[in-house]
Amino acid sequence: MELLKMKIKDEVEQKKILEKTVTDIIRQMGIPSHLKGYQYLRCALILCTENSEMVTSIGNLLYPAVAKQFDTTPSRVNTNIARAIETAWDMGDSYVLRSYFGNMLDKVWKKPSAAEFISTVADALRLRFKI
């Protein structure tokens, strides 16, 4: 019983660390917290980090899951995440963005799609947390 309690406590602690890390990353990228897309993106990255299957079906699995948590539609989730990414790409910290997206930044006209952005950052998070 004691081992089970320790495992649950560790899982809760890991979840808190993941949430803080995701929040730090998207803030460092330059996504302002007042945007709806900030909250949606944060939720999407956490879900994708915890469950890699979400990344393979962003439109059919991820956006509906995020929409359900925020009582909105998958279409609005997609639109607001895209706006948040556009904000980061246009006005964000190029050093932080380059650390995740490499030379994509050199192609000013080519910002990543929401799916590319989410999958790239979620993959980096999974590697960091060894999930």
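Each value in this text was obtained by applying a stated rule to the coordinates, not by laboratory testing. If you're wondering where the values come from, they're calculated on a predicted model, not measured in any experiment. Because the Cβ atoms are built from the backbone with ideal geometry, glycine has one as well, and the counts that use them run over all protein chains shown.
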For this session: Would you mind getting me the FRET efficiency between residue 33 and residue 95? Use the beta-carbon distance for r and R0 = 25 Å, nearest 0.05.
Result: 0.80
Exercise. Using the per-residue mean of other Cβ atoms lying within 10 Å as a proxy for protection, in what order, highest first, do the peptides 83-89, 22-28 fall?
Worked result: 83-89, 22-28
Exercise. For the chain, what is the convex hull volume of the alpha-carbon atoms per residue, in Å³?
Worked result: 111 Å³
Exercise. So what's the back-of-envelope 222 nm ellipticity for the chain, counting only DSSP H runs of four-plus at -39500 (n - 2.57) apiece and dividing by all residues, rounded to 500?
Worked result: -24000 deg cm²/dmol
Seminar exercise, completed: Among the DSSP H helices of the chain, those whose Cα atoms extend at least 20 Å along the helix axis and whose mean Kyte-Doolittle hydropathy is 0.5 or higher are 114-129
Problem set entry | Count, lysine Cα pairs under 17 Å in the chain, 8 or more residues apart or across chains | 10
For this session: Highest first, please rank the peptides 55-61, 37-43, 117-123 by the mean number of other Cβ atoms sitting within 10 Å of their residues.
Result: 37-43, 117-123, 55-61
Exercise. Using unit Cβ charges (K, R positive; D, E negative) and no other charged atoms, how large, in debye to the nearest 20, is the dipole of the chain about its Cα centre?
Worked result: 80 debye
